[in-house]
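Down below is the structure, laid out as structure tokens.
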Amino acid sequence: MEKHAYLLMVHNNYFNLEILLKMLDDERNDIYINVDRKVRNFPDAFFINVVHKSKLFLYHEVSVNWGGFSQVQCEMFLMKQAASGLYKYYHLLSGADLPIKTQDDIWSFFEKNEGFEFVQFDDGRLNQFRKEFTRRVDKYHFIQEYRKCSNKRIIKGALTWLAKGLLGLQVLLRIDRWSRQKLILKYGSQWFSITHDFVTFLLENEDRIRDLFTLTQCPDESFVQI
């Protein structure tokens, strides 16, 4: 049987996650979940028992921090775990998402559009925010992984000002790490529905993705689009 894979990035909102799993639970789907490694006392057994028709694969492998390369690492990890299943489509969701269509509707849509990739993007040439998005990747964001790790407002504030200072210094020094690349920068939604061929392409270029996007800001909104 041809199947779809759902790749879920989870760190909270367990009530919603339970509903989501029940809505995805279908013999035509398999579900791969990475629970943020920082999460403590996640009720694995409870969520495993929520699913009855799908195969559920639950991991605590990647510690994910907002806006950092760890988000890309998490997505690549989930794709790598699922790729051996040779799924028709791979859908990336968060644990806070819910589908607005039934599984029959979803499957019908992808059967009618088989082979198409569903990745939202904007190249930003006419976008007033292009400079902001360009600076996400053409400058080094050394502390992006740590900016929101602390619960203390003073530490968060200090890290924010330090990040702004390092960015300003790079602007003055005219540092541009992207100018060497023969690629058009694109950006868009992190979430996608892509084919097995696209997943294979991304995994085959994992080293290239790491070189391009380590120490950038919000690379999860660019690495698939490029």
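Looking at region 29-38, is at least one residue part of a strand (DSSP E or B), open to solvent by 20 Å² or more (accessible area, probe 1.4 Å) and either modelled with pLDDT under 95 or not charged (D, E, K, R) (or both)? The answer is no; no qualifying residue exists. Among the candidates Leu78, Leu86, Leu56, the residue that is of a type outside the set (Lys, Arg) and within 24 Å of Cys218 (Cα to Cα) is uniquely Leu78. Of the numbered criteria (1) open to solvent by 40 Å² or more (accessible area, probe 1.4 Å); (2) part of a helix (DSSP H, G or I); (3) touching a residue at least 40 places away in the same chain (Cβ under 8 Å), the one Val199 fails is (1).
Look through region 163-196, keep the residues that are hydrophobic (A, V, I, L, M, F, W, C), within 17 Å of Thr216 (Cβ to Cβ) and open to solvent by 80 Å² or more (accessible area, probe 1.4 Å), and return whichever of them is modelled with the highest pLDDT. Going through the qualifying residues, I end up with Leu169.
Within region 81-92, at least one residue is in a loop (DSSP other than H, G, I, E, B), open to solvent by 30 Å² or more (accessible area, probe 1.4 Å) and at pLDDT 95 or above.
Among residues that are at negative phi and open to solvent by less than 20 Å² (accessible area, probe 1.4 Å), Ala96 is not included.
Restricting region 99-123 to residues that are under 18 Å from Trp191 (Cβ atoms) and among the β-branched types (Val, Ile, Thr), the residue that is surrounded by the most Cβ atoms within 10 Å (Cβ to Cβ) is Ile106. Looking across region 47-62, the residues that are touching a helix residue (DSSP H, G or I) at 6+ places or on another chain (Cβ under 8 Å) and not in a loop (DSSP other than H, G, I, E, B) come down to Phe47, Val50, Leu56, Phe57, Leu58, Tyr59. Exactly one residue out of Glu206, Glu221 is at pLDDT below 95 and either of a type in the set (Asp, Glu) or touching a Pro at 6+ places or on another chain (Cβ under 8 Å) (or both), and it is Glu221. Scanning region 63-79 for residues that are open to solvent by 20 Å² or more (accessible area, probe 1.4 Å) and not in a helix (DSSP H, G or I) yields Ser63, Val64, Asn65, Trp66.
The values are calculated or read from the model by the stated rules, or taken from the named source; none is laboratory data. Since the structure is predicted, the reported quantities are computational estimates derived from the model, not experimental observations. Cβ sites come from the backbone with ideal geometry, for glycine too, and all protein chains shown count toward neighbours. Protein only, heavy atoms only, side chains kept; ligands, DNA and RNA dropped before computing areas. Shrake-Rupley method; radii C 1.70, N 1.55, O 1.52, S 1.80 Å.
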